[in-house]
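Below you'll find the structure, written out as structure tokens, and then a few comments.
The values are calculated or read from the model by the stated rules, or taken from the named source; none is laboratory data. Please read these numbers as outputs of a predicted model, since none were measured by experiment. Using ideal geometry, Cβ is built from the backbone for each residue, glycine included, and neighbour counts are taken over all protein chains shown. Accessible surface areas use protein heavy atoms only, side chains included; no ligands, DNA or RNA. Shrake-Rupley method; radii C 1.70, N 1.55, O 1.52, S 1.80 Å.
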Amino acid sequence: MAEDHVKCDHEIDAENEEQPSDYKAPAQKTVKEIHELDKDDESLRKYKETLLGSQLDVDPSLPNVQVTRMSLVCDTAPEPLILDLQGDLEAFKKQPFAMKEGVEYKIKISFKVNHEIVSGLKYVQHTYRKGIKIDKSDYMVGSYGPRLTEYDFLTSCEEAPHGLMARGNYTIKSKFTDDDKHNHLSWEWILNIKKEWKD
């Protein structure tokens, strides 16, 4: 009879840490190379076009992944809370997002993939209060192929801190990265938790 074993938190964490592996990923192919494979097979060509889209004529000087916008989606907000991530990222440190305590919200990241398939996109954020890290969130965004229109990724629902001690500024360091450890964009922004939307 097999022994039942309840895993402790530290055992689970140890399993989830990246372990060295003998696995070797296959050589990465460009979208053009994928389209060229089996081009005589009409059904396979149509299937690949459905998955990958048609080949794009995009400015080669653009980065493969462009993070364009971050929004805080909250039904009770009096106005949209949007950061334009194509402008001056330093300005966000001086202009906090004001949010009412205790409201539920989601973070929406808008981005474009311009040239090649990108795998394992990830949104990571570290939250600091008075210089001390109080939270870290990792969101697996997924793998995406190039297209002309933007993709939107929406996080799960979060609840803003609430109570007298929770009010004030939170510094959030955000990063959009992928499985290959490419840092597509990093930015820092301030969330100001208030008793009401406008004090």
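Among the residues that make up segment 118-128, is at least one of them open to solvent by 70 Å² or more (accessible area, probe 1.4 Å) and modelled with pLDDT of 95 or more?
Pass one, segment 118-128, residues open to solvent by 70 Å² or more (accessible area, probe 1.4 Å): none.
No, segment 118-128 contains no residue that is open to solvent by 70 Å² or more (accessible area, probe 1.4 Å) and modelled with pLDDT of 95 or more.
Out of (1) part of a loop (DSSP other than H, G, I, E, B); (2) over 25 Å from residue 63 (Cβ atoms); (3) not small (Gly, Ala, Ser), what's the single condition that is false for residue 116?
Residue 116 satisfies every listed condition except (2).
Filter segment 64-100 down to the residues that are more than 17 Å from the chain's Cα centre (by Cα), open to solvent by less than 40 Å² (accessible area, probe 1.4 Å) and closer than 16 Å to residue 161 by Cα and list them by number.
74, 77, 97, 98, 99
Say whether the condition of being over 18 Å from residue 71 (Cα atoms) and open to solvent by 30 Å² or more (accessible area, probe 1.4 Å) is met by at least one residue in segment 145-154.
Yes, some residue in segment 145-154 is over 18 Å from residue 71 (Cα atoms) and open to solvent by 30 Å² or more (accessible area, probe 1.4 Å).
Is it the case that residue 62 is closer than 15 Å to residue 147 by Cβ, at pLDDT below 95 and part of a helix (DSSP H, G or I)?
Against the criterion (closer than 15 Å to residue 147 by Cβ, at pLDDT below 95 and part of a helix (DSSP H, G or I)), residue 62 does not qualify.
Name the pairs whose Cβ atoms lie under 6 Å apart, with the first residue in segment 170-192 and without any contact (Cβ under 8 Å) to a residue 60 or more places away in the chain, the second surrounded by fewer than 18 Cβ atoms within 10 Å (Cβ to Cβ) and of a type in the set (Asp, Glu), and 6 or more positions between them or separate chains?
Taking only residues 6 or more apart or on different chains, the pairs are 173/188.
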